[in-house]
Amino acid sequence: MSAPPLVEAVDLEKRFPLTRTITEVVRGQSRRSIHAVDGVSISILPGETVGLIGESGSGKTTLGWVVARLHDPTGGTLKFGGEDILDITGDDLRHWRHNVQIVFQDPVGSLDPRLKVWQIVGEPLRAQNVADRDWARHAPSRLLRKYRARLRKRRQKLREEWKKGAAARRKLPVEERRRLEQEYQRALRERPPLPVVAKQPVPKKLRRAEVRERVRDTLPTVGLPPDCLDQYPHEFSGGGRQRLSLARALIVNPKLVVLDEPTSALDVAVQAQILNRLVELQRERGLAYLLITHNVAAVRYVADRVAVMYLGRVVEVGDVHGVLERPIHPYTKALLAAVPVADASRRRTRFRIGGDIPSLVDPPPGCRFAPRCPFVIDRCRAEYPALREIPAVPGHLVSCHRAEEVLDIAPSSLLTTDEGAGAPSTAASAPAP
Amino acid sequence: MGRSPTDLAIFIGKRLLQLIPVLLGIIILTFVFTHLSVANCSIWYPHAGKTTLALCQAQFSKPIWVQFWTYFVNLLHGNWGASVTGVPVYPAIAAGVPATLELVIASLFLMIVIGIPLGVMAAQTAGRWGDHLVRIFYLTGWATPTYLGAVIAAIFLAPYFGLPSHGEYTYTPPPFHQWTHMSVVDALLAGNLPWTWDAFKHLILPASVLAFINMGIATRMTRSSMLEVLPLDYVKSARMKGLSEFWVMYKHALRNSLITTTTVLGVTAGGLLAGTVVIEEVFGWPGIGAYAYTAIGGGGAAPNFDGAVAVVAVFAVGVVIANLIADILYGVLDPRVEWR
C-alpha cells in the first residue's frame, strides 16, 4: 500500500441538469438535476483491479466515464499519477488520452461498422501520433501559458497576504509602513526567470504500414488471429468484437483500462475466456483496471478491491474477500444475497428488500438506502453517514451509522424461503435502537 | 450478391434493364394523354396557317394506336419526332439535358457542401442556438416558392453581387464548339478561361437558388440521423482515442449517418431535374426545363406534343438513374451492404 495511487478521486460529483418545465419556471423554482455521481472518493493503485458493483442506475458507468475524462465532473478533484487531470483540456487532453482507455459494454455499438479491423484498432495510434505531434509543436506556448498562470497565482497570493496584514500594519510607524509598501511592490514586480524552452522534437508521422504492423502485433495478445486486418467488425462474433475493443484499448499502452461491463453481453464460456485474458494482460503489463459490472462472480475472480455503489454514492469499499465474504453495509448484504446460487436447498427464496432504486433527481439528505433498509433508524434519514473505517475490520470502509451493529448479520438472512414466509427472520435480532 | 466489381456491374445491368418497362409505361401514358386531348387542331393552334392545320388534322385524325405505333417505330429508329411545324425534338433535348444536368449537379454540390455540415452543426448544438439558427435558415429556403426565390434572386441579388442573371454566357453563341452543352465544361474544354469564368458566374445564381430551396431536406436528414448516431459507443470510443472533435464528427458520426441523407438526396436529385422548369425560365437557362415549358404551350407557344412526351421520358430516366446512383452509394458508404 506504499505506492502512490494511480487514480485518486476526491468527492467526485457529476450532475446532469434537467430542463425546467413551464410550471417550474413560472414558480421560479431552480433547475433540478440528476445526481448521477454524488461525492465519490476512490483510489486505484498501479497494477490493481478495482471492482465497481451496484444496481443499474447506481452511477457506476458515469463514474467510469468521469475517470476516463469522457464526462467532465461538476465537482471534486481527480488526480492521475499525482497530477490534477481536470485542468487538462483541448489538445492537451487529446495528448493525455493514451493513459486511460475504455472497453465498452456493447461489443456491437462500440466499433464503427464502416471501418476495417486495422483501422479500428490502429486509429488510437494515429490519433495519438497526431496529438503527440501537435503537443510537441505547441510545447513553447504551453510552457509560457503555465508560467503565466504560475505568476498570476503568486501575485494573487501576495495581494491577499497584503490585504490581510492591513490592520497589523496600521499600528507600525510611518517609515516602517513605507518600507513594507516598497517591499510589497518589489515582490509584486518580481518574476521568476522565463523557462528555457528547448524545441521539442516532433515525433515522426506514423505511416500506414507501421500502423498495420503494430495492429498485427497487437491482435495475438488479445487472442485474435493476426491475418484479420482487412475484415469488418460485423464478420466477428460477440466475443471477437469484445477482443477487438480490448485490442483497441491496449494498443496505446494505457496505464488504466476502464472496463465498462465488458462481459455482460457475452455468453458464459466467452466471458471466462475474456476475463482470463484480462488477468494475463494485467500480469504481463502491470495494467490497472476499473472493472464496472454487476457480475459479482467476475469481480470475485478478477478484482483486488471492490467498491459498492448505490444511488451515486460509494457505500462500501474494501478488499474483495472482505467485502464479498463479510459485507457490512445492509445494501451490500442485500446485493450479495440477490446473487442466484446453484444450491437446491436455497431455491425458491425471495429477496426481502423490495422496491426499486429511488429517483436520482435531487435526492433527500440522509442515507440513500434508508427507504429500503430493514435496519433504518431516524438518524439514517437525517444525516448522511460518512465513509469510515470499522475498527473491527481494518481496511474496510463503510458508510453506515449502524455498521458495528449490523456487522455480523449474514446476507442470507435478508432472504426468506417461500415455505418460511412470515416467520421471524434473523433480521429481527438486530439490536433495537 | 456480393461486393466485387462484377457484382456491381451485374447490379447496374439489372437496374438498367428494369428501366425499359418503366420507360415504356411512361411513354405510353404521356403519349395517350397528350394526343387524346387534341380534338380540334384549330383550338390548339389558333394562329396556324392552312398548311399547318392540314398537317395537324392529318396527324391527329388517325386512331390513337396508329399514331402511337408510328411514333414508337420512329423512336426505335432514333427519330424522336417533331413539332407540328416540323421542328425536330432530338436536337433540342440533346442540347437541353446537359445544360439542366449542369445546373442540377452544381446545386447538388452546394446542397452537399453546405447543407450537410449545417446538419452536423445542428446536431452538435441540438436544442441550443446553433440548432435554431440552422433550422430558421433551412425552413426559410423550404418555405420559399421556387418562382419567388428565383425572381428575388434575379431582381435584387444579381445587381447587388454584380452577378449576371440571364443565360449561360454573356454573349451567345460562344466562340467555340459546344461539345457537351454544359457551359462551364465546354469553355474549359476549349481552354478559354475568361469564358469559363463568365459561364461560372452565370451558373452561381440559378444553382444557389435551386440549392437554397432544396437544402432543408439534406440538413434535416443529416441532423436527425446524426442525433441517432451521436449517443452510440463508437462515437465515445473515437473521442477516447484522442481524435479531435472534427474527426469524431465527420469520420465516425457523419459517415454512419449518411445513408438517409443519400436516399433523400437521390430522390431530390431526380425531382430537381423536373424542378428546374421555373428556375430555367426565370434565368433564361437553355435547359430541358425551359424546353418543357414551351413544349406544353407555356408563354403562348404552340404546344409540341412529341416534345412533351420526350421531356417526360427524360425526366423519368433522370429519376431512375439518380436513385440507382444512391443505391450504388449505399454500398460504397456501408461495407455491410451488398449490391443485389
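General remarks:
- Tallying residues that are modelled with pLDDT under 60 and in contact with a Leu (Cβ under 7 Å, 6 or more places away or on another chain) within the range A:376-433 yields 1.
- Members of the range B:227-244 found to be outside any helix (DSSP H, G or I), more than 9 Å from chain A (Cβ to nearest Cβ) and either within 22 Å of B:Y147 (Cβ to Cβ) or among the hydrophobic types (A, V, I, L, M, F, W, C) (or both), listed by number: B:L230
- All conditions but one from (1) more than 20 Å from A:T221 (Cβ to Cβ); (2) within 21 Å of the chain's Cα centre (by Cα); (3) surrounded by 24 or more Cβ atoms within 10 Å (Cβ to Cβ) apply to A:P327; the one that does not is (2).
- Residue selected from the range B:245-302 under the condition within 14 Å of chain A (Cβ to nearest Cβ) and among the charged types (D, E, K, R), by the criterion farthest from B:G96 (Cα to Cα): B:E245
- Just one of the listed residues (B:V151, B:V97) is surrounded by fewer than 19 Cβ atoms within 10 Å (Cβ to Cβ), farther than 25 Å from B:Y250 by Cβ and among the aliphatic types (A, V, I, L, M), namely B:V151.
- In the condition set (1) within 15 Å of the chain's Cα centre (by Cα); (2) part of a loop (DSSP other than H, G, I, E, B); (3) free of Cβ contacts under 8 Å to residues at least 60 places away in the same chain, A:V66 is compliant with all but (2).
- A Cβ distance below 9 Å, combined with a sequence gap of six or more or placement on separate chains, defines the contacts here; from the range A:321-335, residues that are free of Cβ contacts under 8 Å to residues at least 24 places away in the same chain reach no residue that is polar (S, T, N, Q) and part of a loop (DSSP other than H, G, I, E, B).
- Of all residues in the range A:6-62, those that are among the hydrophobic types (A, V, I, L, M, F, W, C), part of a strand (DSSP E or B) and under 27 Å from A:P254 (Cβ atoms) total 13.
- Checking every residue in the range A:23-39 against the condition of being under 24 Å from A:G318 (Cβ atoms), within 14 Å of chain B (Cβ to nearest Cβ) and under 12 Å from the mean Cα position of the chain (by Cα) gives zero matches.
- Complete set of residues in the range B:24-47 that are exposed (fewer than 14 other Cβ atoms within 10 Å of the Cβ) and under 30 Å from B:I325 (Cα atoms): B:L24, B:G25, B:I28, B:L29
- Selection of the range B:1-11 for residues being free of Cβ contacts under 8 Å to residues at least 60 places away in the same chain and assigned to a loop (DSSP other than H, G, I, E, B) yields only B:S4.
- Qualifying residue in the range A:144-157 (condition: within 14 Å of chain B (Cβ to nearest Cβ), surrounded by fewer than 19 Cβ atoms within 10 Å (Cβ to Cβ) and in contact with a Lys or Arg (Cβ under 7 Å, 6 or more places away or on another chain)): no
- Of all residues making up the range A:247-275, the number that are out of contact with any Phe, Trp or Tyr (no Cβ under 9 Å at 6 or more places or on another chain), closer than 19 Å to A:N295 by Cα and either among the aliphatic types (A, V, I, L, M) or without any contact (Cβ under 8 Å) to a residue 60 or more places away in the chain (or both): 10
- Tally, over the range A:226-240, of residues that are more than 10 Å from chain B (Cβ to nearest Cβ) and buried (at least 23 other Cβ atoms within 10 Å of the Cβ): 0
- Qualifying residue in the range B:102-115 (condition: loosely packed, with under 12 Cβ neighbours inside 10 Å and either assigned by TED's automatic domain parsing to the domain that holds B:M221 or over 16 Å from B:A310 (Cβ atoms) (or both)): yes
- Among the residues here, A:W96 does not qualify as more than 9 Å from chain B (Cβ to nearest Cβ) and assigned to a helix (DSSP H, G or I).
- Residue match in the range A:70-88 (condition: more than 10 Å from chain B (Cβ to nearest Cβ) and part of a helix (DSSP H, G or I)): no
- Picking from residues in the range B:158-190 that are crowded, with 16+ Cβ neighbours inside 10 Å and of a type in the set (A, V, I, L, M), the one that is farthest from B:K201 (Cα to Cα) is B:A190.
- Per the listing A:R27, A:R15, A:R31, the residue uniquely surrounded by 15 or more Cβ atoms within 10 Å (Cβ to Cβ) and basic (K, R) is A:R15.
- The residue that is farthest from A:D260 (Cα to Cα), counting only those in the range A:103-128 that are facing chain B (nearest Cβ under 7 Å) and hydrophobic (A, V, I, L, M, F, W, C), is A:A127.
- Any hit, the range A:119-142, residues being closer than 30 Å to A:D11 by Cα and either surrounded by 19 or more Cβ atoms within 10 Å (Cβ to Cβ) or among the basic types (K, R) (or both): yes
- Output for the range B:55-90, where each listed residue is exposed (fewer than 12 other Cβ atoms within 10 Å of the Cβ) and over 20 Å from B:I20 (Cβ atoms): B:A58, B:S61, B:P63, B:W65, B:V66, B:G86
The values are calculated or read from the model by the stated rules, or taken from the named source; none is laboratory data. As the structure is a computational prediction, the values presented were derived from the model and not from experiment. Here Cβ is always computed from backbone atoms with ideal geometry, including for glycine, and neighbour counts include all displayed protein chains.
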